[in-house]
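Chemist: Below are the structure tokens for one structure; questions will follow.
Quick note: the coordinates plus some simple rules give every number you see, no bench work behind them. This structure is a prediction, so every number in the text was calculated from the model and none was measured. FYI the Cβ positions are ideal-geometry reconstructions off the backbone, even for glycines, and counts take in every protein chain you see.
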Amino acid sequence: MADINLKKLSEESGKTEVELAKTMITLLAVKAKVMGGEPVIRDTRIPTATIVALLVNHDIDELKKLYRRIPPEKIEKAVEYERYLDRQVAVAAV
């Protein structure tokens, strides 16, 4: 996975670091040979960034219907992951 500060994310989410790590590992993947190493929803080639980009014109329920073969939890975690990365970029820019 990309560099993730599990301690900080744990504090923000109220979940333990172990719970968060297990969730990310089981639902998302980052492999050099899959989509050039971009984070994707595990067992798909759908980048997490694509899901977030689609939220510009669709709500989360529409995305769950659009990608009905993907468990809704994976779509939700993709959004959560991208939002986390966006917060990290914003903090690094300050």
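Chemist: Would you order THR48, THR23 from fewest to most other beta-carbon atoms within 10 Å of each residue's own beta-carbon?
Modeler: Starting with the residue having the fewest Cβ neighbours, the order is THR23, THR48.
Chemist: Same structure again: Which net charge results for the neighbourhood of VAL40, defined as the other residues with beta-carbon distances under 14 angstrom from its beta-carbon, given Lys and Arg at +1 and Asp and Glu at -1? Kindly include the intermediate steps, with their values, before the conclusion.
Modeler: Details: positive: LYS31, LYS33, ARG42, ARG45, LYS74, LYS77; negative: GLU38, ASP43, GLU82.
Local charge sum for VAL40: +3.
Chemist: Need the list of aspartates and glutamates near LYS74 for cross-linking: C-alpha distance under 17 angstrom, and skip anything on the same chain fewer than eight residues off.
Modeler: Candidates past the 8-residue exclusion: GLU19, GLU38, ASP43, ASP59, ASP61, GLU62, GLU82.
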